[in-house]
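Contents: one structure, followed by commentary.
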Amino acid sequence: MIELLRTNDAVIISFVEALMRDAGIGCMVADQNMSVLDGSLGILPRRILIERDRLEEARRILTDAGIAHEMRAG
């Protein structure tokens, strides 16, 4: 799996999860349990990881959804 984006915004995370699910792209949210360490303040970002071979498709979906600025460079 490869990182698609990293954010503290729970709304963006939920939105991206829904977009990937609808497209049939496997994804997972990493670092969710790190909130225990930051006291649930949302300081530590969560990462959305997707299937490596679907990266370009996932990037296109986020661009079409208007949230391309959230993606990791590279």
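With viscosity set to 1.306 mPa s and temperature to 10 °C, compute the Stokes-Einstein D of the chain, Rh being the Kirkwood radius across alpha carbon pairs; µm²/s, no decimals. Kindly include the intermediate steps, with their values, before the conclusion.
Working: Rh = 12.4 Å.
Reported coefficient: 128 µm²/s.
Please report the carbon-and-sulfur percent of the accessible area for the chain; probe 1.4 Å, protein heavy atoms only, DNA, RNA and ligands left out.
With neighbouring chains kept in place, the figure for the chain is 51 percent.
Considering amide H positions built from the backbone, and no H for Pro or chain starts, which residues 5 or more places from L4, or on another chain, come under 5 Å of its amide H?
I48, L49, I50
Might you work out the accessible area of E57 for me, using a 1.4 Å probe with all protein chains in place, and round it to the nearest 10 Å²?
Rounded to the nearest 10, the figure is 60 Å².
Kindly express, to the nearest 10 degrees and within the range 0 to 90, the angle between helix 55-64's C-alpha long axis and the longest C-alpha principal axis of the chain.
90
The values are calculated or read from the model by the stated rules, or taken from the named source; none is laboratory data. Note that the coordinates shown come from a computational prediction; the quantities given were computed from them, not determined experimentally. Note: areas computed on protein heavy atoms with side chains; ligands, DNA, RNA excluded. Shrake-Rupley method; radii C 1.70, N 1.55, O 1.52, S 1.80 Å.
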